[in-house]
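Contents: one structure, followed by commentary.
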Amino acid sequence: MAKPKQKEFRTPRGTHDILPEEQPLWEKIQKEVKETSAFYGFERIDTPHIEQTELFTLGTGETTDIVTKQMYSFRTRGGDQLSLRPEGTPSVMRAYFEHGMWNLPQPVKLYYFGSFFRHEAPQRGRFREFRQWGLELIGEEGAVAEAEVVRVLYTFLDELGLKGVVFEVNSIGCATCRPHYRSALSNYYRSRVKGLCKDCKERFRQNPLRLLDCKEEKCLVIRQGAPQTFDHLCEHCKSHFRVFLEFLDEVGLPYSLNPFLVRGLDYYTRTVFEVFANEEVKTEPVKEEIPIEGDPVANGDDKSGSEGKTTQVPQGGGEVRRLALGGGGRYDNLAELIGGRQIPAAGAAIGIERVILAWKTGRLKLPEPQRPKVFLAQLGDLAKKKSFGLVEILRKANISVAESFGRDSIKSQLKIADKTGVEFALILGQKEALDGTAILREMSSGNQETVPQEKLVETLKKRLKR
Ligand code: HAM
């Protein structure tokens, strides 16, 4: 009887494995995240991957794409309504209240690094599980807060070697002036609704500000003549924005004003910004959703807070896009929405898969993975046992060692040692195991000497230094 066909398991759509060869880059990024956060006084916070759904409906916003289309929500066996976190800001604000952080000296500066989940159409650079580094600066009303967040992101990207990143900035006003802008926008769009895409017809009804986010060609054309936020800011918001820009000028940070940048999350007030990799990424023509396996790459049409931006469509099909690496802004209303009292705050998040994409397209040099310096080869049962113990002695002396205990032939073990690229091989046969010695072989020259096992660490340390 024919065997039933075995099911082939693959990563769920929109998720990806991070393979051993990619780990050095991830480690480098995490090291940079840790050092940059610490230098600017941000402390790490880890919040659960699941939260009450209401935290996001109230915090991120009931009408946002994230909440209406992208959240993974479910009812637990106990009857709780939970969601996989689509972003980190509401969780951090929840933690701020839950742990009484308003009692600490303000501002409280927190950062996080981890997975987030959005049920989006996967494309290059857009995943359903992706990693973010996020920064939240809570309890500071001055524009220095958002300027500091921008500065931290810039330093991080610069230190990683991603030159030429550029920030787009805007102010979307406050509770006083935004209604005026919103009604100016509604007035402008009212006679043009027919020409908008299906989603924008709905946006017009629910939240006209979101019309500015759409990347559909026909909506972009209509947007060209739309009123701009700058012209509708109240005096407080104008002066806040001016001060923010002065801080950026002070450190020579590259930015450009984008009067249509509104971001796709409801909690922002006043300053909003996004950061782009300045290089252009040529992608393959995208027919429909393409499953992404392996290569975490660029973006697509804008559905949430930030995605990539299409800048031109060259002949031959492929699109040239700019890569949105991260975004953020001031969010003075979020605390009140979920915690019942007003606390000013600003923050941002960077998409790590996108940073990696920018790194790869920029053809930056990948960090070399740490390789062991010594290979331990053995011949015979007793030697194998002794070698097994020797590994511990070398580990305690901080000498990294590779082995292949599953193999018995010295020839095949030395072949592997050669491939591993170690400087030295230690060889233990029956004789060496009995008389407490080991053969130290320099791989480049093939020179060998016999060393007493108790002198091995000392001898190796001297040789490895040369
Ligand atoms: P966001 O713009 O939604 O903001 O996401 C920030 C960054 O996360 C994006 O610029 C992008 O690099 C990355 N990202 C978002 N969705 C995906 C995806 N599906 N696949 C890959 N990368 C993605 C926020 O999340 C806000 N919480 C930022 C913030 C913090 N605002 C204030 N504080």
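The values are calculated or read from the model by the stated rules, or taken from the named source; none is laboratory data. Model, not experiment: these values are computed from the prediction. Please note: Cβ atoms are built from the backbone with ideal geometry, for glycine as well, and neighbour counts cover all protein chains shown. The protein model used for the area step is the full one, side chains on, heavy atoms only, and it has no ligands, DNA or RNA in it. Shrake-Rupley method; radii C 1.70, N 1.55, O 1.52, S 1.80 Å.
Structure notes:
- Distant-in-sequence amide H partners of Met443 (H built 1.01 Å from N, under 5 Å): Phe424, Ala425
- Qualifying trypsin sites (Lys or Arg not before Pro) in segment 1-102, where qualification requires a DSSP coil assignment and no more than 16 other C-beta atoms within 10 Å, comprise Lys5, Lys7, Arg10, Arg13, Arg77.
- Ratio Rg/Rh, restricted to the chain and using Cα atoms, in which Rh is the Kirkwood radius: 1.10
- Derived scalar couplings ³J(HN,Hα) [segment 173-180; Karplus, 6.51 cos²θ - 1.76 cosθ + 1.60; whole Hz; x for Gly, Pro]: x, 10, 4, 6, 9, 5, x, 5
- Amide H partners (placed H, <5 Å) of Ala377, local residues excluded: Leu426, Ile427, Leu428
- Only the Cβ atoms of Lys and Arg (+1) and of Asp and Glu (-1) were treated as charged; on that basis the dipole of the chain about its Cα centre amounts to roughly 1200 debye.
- Dimensionless Rg over Rh [segment 374-461; C-alpha; Kirkwood]: 0.91
- Toward the positive end of the charge dipole of the chain, with +1 on the Cβ of Lys and Arg and -1 on the Cβ of Asp and Glu, the farthest Cα among Val451, Thr76, Val193 is that of Val451.
- In percent, rounded to a whole number, the relative contact order of the chain is 16, using alpha-carbon pairs under 8 Å and six or more apart.
- In the chain, a dipole from Cβ-located charges (positive for Lys and Arg, negative for Asp and Glu) runs towards its positive end, and of Trp26, Phe424, Tyr154 it is Phe424 whose Cα lies farthest in that direction.
- The residues of the chain expose on average 50 square angstrom of accessible surface per residue, using a 1.4 Å probe on protein heavy atoms.
- With 32 Å as the limit on Cα-Cα distance, the pairs of Lys7/Lys384; Lys365/Lys465; Lys385/Lys461; Lys7/Lys373 that go past it are Lys7/Lys384; Lys7/Lys373.
- Under Karplus coefficients 6.51, -1.76 and 1.60, residue-wise ³J(HN,Hα) of segment 425-437 in Hz, glycine/proline x: 10, 9, 10, 10, x, 4, 4, 5, 4, 6, 9, x, 10
- Neighbour cut-off at most 14 other Cβ (10 Å), DSSP loop, chymotrypsin sites (Phe, Trp or Tyr not before Pro), segment 388-459: Phe405
- Among the lysines of segment 198-276, pairs that are 8 or more positions apart or on different chains and have alpha carbons within less than 21 Å of each other number 4.
- Segment 374-461 - share of DSSP beta bridges that are antiparallel (%, nearest 5): 55
- Each Lys and Arg adds +1 at its Cβ and each Asp and Glu adds -1 at its Cβ; summed about the Cα centre, segment 374-461 shows a dipole of about 220 debye.
- Ligands, DNA and RNA left out, the accessible area of segment 375-434 computed with a 1.4 Å probe is 56% carbon and sulfur.
- Phi to ³J(HN,Hα) by Karplus 6.51 cos²θ - 1.76 cosθ + 1.60 over segment 259-266, Hz, x for Gly, Pro: x, 9, 6, 10, 6, x, 10, 6
- Folded to 0 to 90 degrees: helix 23-39 orientation relative to the chain principal axis, Cα: 60
- Under 5 Å between amide hydrogens, built in the peptide plane, is the criterion, and for Ile172 it picks out Arg270, Thr271, Val272 among residues at least 5 positions away or on other chains.
- Cα shape, segment 38-124, gyration tensor, a/c 1.5 rule: prolate
- Prolate/oblate/rounded call for segment 110-165, Cα gyration tensor, a/c under 1.5 rounded: oblate
- CD proxy at 222 nm, helix term only [per DSSP H run n ≥ 4: -39500 (n - 2.57); per residue of the chain; nearest 500]: -9500 deg cm²/dmol
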